[in-house]
Amino acid sequence: MKKQFFLLILLCLALCSVAQTRVVAHRGYWKAAGSAQNSRRSLVKADSIGCWGTEFDVWMSRDGVLFVNHDATINGIEIQHAKATEVRGQRLSNGECIPTLDELLQVAQGTTLQLVCELKPHDNKQQEAQAVKKLLKLFKKYGLENRVTYITFSYPGMRLLIQQVPRGTEVYYLNGELPPATLKSLGAAGADYHHSIFQRHPEWVTESRQLGLKTNAWTVNDAPTMRWCVDHGIDFITTNEPETLQQIIGQAP
Ligand code: MG
């Protein structure tokens, strides 16, 4: 009887940990029909299958317009060094024009997604600081401040975001080099690291939890690694295969 009770408790704990895992579509659900990375459609498709959130990447043109694109260049144009008029109208692989952040947030308003916004590291750190200010302004303009999480590989970008985000908005570091205690001392919400970093340092997951920080692993595309992350209590998993992950954690729509 005692043993059965113990097993029941273990089962409940396991179910709780599974239920907490959150699915983040990496650059939107771009593998869906008619979609493309960081497109408007990829955001809508991530919402349509019930992802918790969608991730996207932001660059700022040299004249101060925020564009959503992963690569530094689109069709040979380097966004951070180009004028907005040169970038506007460039086509994604699905035929859509590259979205400005303003345009993407208008689409996001019609969804229930959490928005995981990656600030790309810019060569000119003054330009990057300006991008931080513009990011915050745009999310405020669309009333999406309570649905955004910021992530970045840029250490100065992370510091600026932490200083300037509204209270309660989470900022995560992507660079994989800092232990949880350092992230905590900087005011970050946690680590958003490549899954191999957590697999090398599983103690960082436990330490994060003890410090009240969260963990996000990217980009987890195969079932065994998804299971490893779920079993180790990673809070958020960023993936190109959101439907596979939903099946593994029992959140399939
Ligand atoms: Mg990204």
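The values are calculated or read from the model by the stated rules, or taken from the named source; none is laboratory data. None of the values given here were measured: they were computed from a predicted structure. A quick note on method: Cβ atoms are made from the backbone with ideal geometry, for glycine too, and the neighbour counts reach across all protein chains shown.
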- Applying the selection to segment 59-78, what residues are crowded, with 20+ Cβ neighbours inside 10 Å, within 16 Å of the ligand (Cβ to nearest atom) and assigned to a loop (DSSP other than H, G, I, E, B)? Asn69
- All-but-one check, Gln127 against (1) under 26 Å from Gly34 (Cβ atoms); (2) more than 18 Å from the chain's Cα centre (by Cα); (3) in contact (Cβ under 8 Å) with a residue 40 or more places away in the chain, failing number (1)
- Query: If you check Glu118 against the conditions, is it out of contact with any strand residue (DSSP E or B) (no Cβ under 6 Å at 6 or more places or on another chain) and of a type outside the set (Val, Ile, Thr)?
  - Reply: no
- Message: Cβ-Cβ distance below 8 Å, separation of 6 or more or different chains: which pairs start in segment 162-184 with a residue that is free of Cβ contacts under 8 Å to residues at least 12 places away in the same chain and end on one that is within 16 Å of the ligand (Cβ to nearest atom) and not basic (Lys, Arg)?
- Response: none
- Item | helices (runs of 4 or more DSSP H) completely within segment 147-253 that count 2 or more residues being surrounded by fewer than 24 Cβ atoms within 10 Å (Cβ to Cβ) and in contact with a Leu (Cβ under 7 Å, 6 or more places away or on another chain) | 155-164, 180-186
- Query: Restricting segment 135-160 to residues that are touching a residue at least 40 places away in the same chain (Cβ under 8 Å) and within 16 Å of the ligand (Cβ to nearest atom), which is nearest to Val116 (Cα to Cα)?
  - Reply: Thr149
- Task: Residue by residue through segment 43-57, note down the ones that are of a type in the set (S, T, N, Q) and within 16 Å of the ligand (Cβ to nearest atom).
- Result: Thr54
- Query: Between a first residue in segment 33-50 that is more than 16 Å from Glu103 (Cβ to Cβ) and assigned to a helix (DSSP H, G or I) and a second residue that is at pLDDT below 95 and not basic (Lys, Arg), which pairs have beta carbons less than 6 Å apart while being 6 or more apart in sequence or on different chains?
  - Reply: none
